[in-house]
Each structure stands twice: as structure tokens, then as C-alpha cells.
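What follows is a short report on a single structure.
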Amino acid sequence: MKFQEITMHKVSMRMKNPFTTSFGTEQDRSFVIIEAIDELGNIGWGECVTSDSPLYIEEFTDGSWVMLEQFLVPLVLKHEWEHPDELADLFSPFKRNNLAKAVIDAAAWDIYAKRQGISLADALGGTKKEIEVGVSLGIEDDMEKLLTNIKEKVDEGYKRIKVKIKPGKDVEVVKEIREHYPAIPLMVDANSAYTLDDIDLLKQLDPYNLMMIEQPLTAGDLIDHAELQKHLETPICLDESIHSYDDARKAIQLGSGKIINMKVGRVGGLSIMKKIHDLCEEADIPMWCGGMLESGIGRAHNIAVTSLANFTLPGDTASSSRYWHEDIIEPEVLVHNGILQVPSEPGIGYNVSHEKLAKYTIYKKTFNLN
């Protein structure tokens, strides 16, 4: 199996609404779409889930473009492979750059599934035909607006509400939400906004029956999270601390958290994700699939991922219309009453609209085998 041609599309799309976290506010998204073609004419799609600035992770869109253009794409065009798992070893000499590695891995898995005539979910070993979906809400200055957003999402049937927090927008926010919605499945995401000096503050969240507090401490940290978890009844969910299989293994050994949020780009691709999934399943660590404000291509991959057995908690893969005036896939991702159907068609199960992709592409470059 071999890639014959790879086209890199730099895409810019504007979300319906600004999305605010402890990192800042984002509305315009620029990212890279990979369109790979094999020797049989199969097309595989991948989305590099970067942002313009290196805030969530050290990678950013223009940096990942250079990594793909100068190193990963030329390398993969020179090699044959029988299974996408082989790409992780091929890319291993290059340090980190996981988001760039993951986008080629994603396209390879899409092609692999299409060559087998099976869905990406089946190719990954997924067992679920439908998945429960939650929704992520950004930080709001206006509490009434946040409560209105929550009501809207509860009425739409989403199975879990995630609210971003930061110092000064935390305990009182959760208290207010619980006064209006005492029983909804609720979690908070801190995006590394706290330190161990905030133990007493974070303990104040324990009475509110949260599903979890996601990544309260520094990105990459495992030791301080293990210390914090000793003081909290609320489960800690690790996100930015898990970049590899070894990170997950060490987190489990240290007791750094009780839940893992899996973002495939963050760990370098679907093949590594599967290894971490199996490790967590054996250790009885539940998982869920986080979101990176993806277009429909990345969203389709997340749906397939969530079909695996140990993704037992609702993920962030909301409807396309939650974020975009129009998506670049057909049909768009549609959540009905908090449930997503896992596609059964070969590959990612959605058609990419070349017309819409071209509409949002600001630059592209094609690489050929010869």
C-alpha cells in the first residue's frame, strides 16, 4: 500500500460564536486538511487540529504546515505500508509534532478502511453502533447567557454538559448552575489554569457532584495531579498531560487521575490511541473523546474513535451546526437527542464536499510520488 499523491489544504473557517477558555477566545479557525490518494484511487482524509497560536499545545497551524511540508509528507510518500500502525514507527525519529503526525495517520486509516470495504469504526475495532454525546461551553462573562446556553443544550438532549472554568470563574459559576440544574451530568474543564496552591479552592467543588474536573494543573504534569487527586473527591480527568502511551502508563501508576480525555491528535494518531485505549480498559480507567473545534473531517474520526468499548463517557462531538454555518462534509454531523449514529459506510462514512473545501481553502500544495 502506498500514497501516490498528497494534497495539503490550509483552511480558514469562522465559527458561529466565539469560544472562550482559560487560554483566550477563538472564533476564526485555520487548520490543515490532508487529502491522500493511494495507488488504487482511494482518497483518505485527515484534519490537523491545530490553532493559530501554540496555546493548547506547542504546535500551531503554520508550524505544523512546515513539519508536514518539509518532513512528514515527503517521507511517507517514499514508503510502502501494509497497515497504518507502521506509520508511528516511521515518524518516531521526529520529536513530538503529534498533531502533524496524526493528520497523516488519520488519512492512512481512512484509506485502509476503504480498501477493506469497512467503516473506520470497524477497522479500529469499535463495537458501538451509536454513541452518547455531550457538549462543551466556553467561559461566559454573563451568567444568564451561560444558563441560557445550558438550557438550550439540555433541551436538545445532550448527555453531559462541560463548562470551562478559570480562577475567578469557578466555584460560584458551578454553584449557580447547580441551583438551576441540580441533577444534570456536569463537569468542568480548567485547561491548566490552577496550581497546588489552589487545593482548598478546588475542594470547594466537591459538594456539587461533578463528573470530573478536567486538567486543573499544568500541561504535561503527572506528579502534582497525583497529589491533588488525594485531596479531592471529584475525579480528575487528564487531558494535556497525556501525549503518549508512556504518559498514560505513568499516570495510571501514579494515580494522577481517574479518567482520561482522549484527543487523537494530541497523542499522534489513531494507532497510538488504540494502544492507550487498551491500556486504560485493562486498568479500569474510563475514557471519553474530547473535541478540538473540528470541522466535519476531524469530527468523523472522533465518532469512529468513540465507538471503541472503553469510551464509556459522553464525548464532545456535537452537531456540525453547533459550530459552523456550514460544514465541509455531507451529510453534516447530526446529533439527535444526545445520540450520534456511527456510520457504517467504508472509511469515515461522510463525503467531503470538494466545492465547500475549495471555498474555505486559502492555500494548497500537492505532492506526488514521482
Item to check | Count - residues of the stretch 105-142 that are open to solvent by 10 Å² or more (accessible area, probe 1.4 Å), under 15 Å from residue 44 (Cα atoms) and either assigned to a loop (DSSP other than H, G, I, E, B) or among the β-branched types (Val, Ile, Thr) (or both) | outcome: 2
Checklist entry - Has the stretch 345-358 got any residue that is surrounded by 14 or more Cβ atoms within 10 Å (Cβ to Cβ) and in a helix (DSSP H, G or I)? => result yes
Item to check | Tabulated pairs, the stretch 273-290, first farther than 26 Å from residue 136 by Cα, second crowded, with 22+ Cβ neighbours inside 10 Å and modelled with pLDDT of 95 or more, C-beta under 6 angstrom, 6+ apart or interchain | outcome: 279/248
Checklist outcome for this item: In the set 249, 299, the lone residue that is among the basic types (Lys, Arg), out of contact with any helix residue (DSSP H, G or I) (no Cβ under 6 Å at 6 or more places or on another chain), open to solvent by less than 10 Å² (accessible area, probe 1.4 Å) and part of a helix (DSSP H, G or I) is 299
Checklist entry - Mind checking which residues of the stretch 221-234 are of a type outside the set (Val, Ile, Thr), surrounded by 12 or more Cβ atoms within 10 Å (Cβ to Cβ) and touching a helix residue (DSSP H, G or I) at 6+ places or on another chain (Cβ under 8 Å)? => result 222, 224, 225, 226, 227, 228, 231, 232
Item to check | Residues of the stretch 69-82 classified as open to solvent by less than 50 Å² (accessible area, probe 1.4 Å) and without any contact (Cβ under 8 Å) to a residue 60 or more places away in the chain, total | outcome: 2
Checklist entry - So how many residues does the stretch 50-68 have that are open to solvent by 20 Å² or more (accessible area, probe 1.4 Å) and among the β-branched types (Val, Ile, Thr)? => result 1
Next on the checklist: Among the residues of the stretch 15-49, what is the count of those that are at pLDDT 95 or above, touching a helix residue (DSSP H, G or I) at 6+ places or on another chain (Cβ under 9 Å) and either open to solvent by 30 Å² or more (accessible area, probe 1.4 Å) or among the β-branched types (Val, Ile, Thr) (or both)?
Outcome noted: 8
Checklist entry - Out of all the residues in the stretch 166-181, which are in a loop (DSSP other than H, G, I, E, B), open to solvent by 70 Å² or more (accessible area, probe 1.4 Å) and in contact with a Phe, Trp or Tyr (Cβ under 9 Å, 6 or more places away or on another chain)? => result 167
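The values are calculated or read from the model by the stated rules, or taken from the named source; none is laboratory data. It should be emphasised that the depicted structure is a prediction, and the values quoted were computed from it without experimental measurement. Glycine also receives a Cβ, built like all others from the backbone with ideal geometry; neighbour counts cover every protein chain displayed. Accessible surface areas use protein heavy atoms only, side chains included; no ligands, DNA or RNA. Shrake-Rupley method; radii C 1.70, N 1.55, O 1.52, S 1.80 Å.
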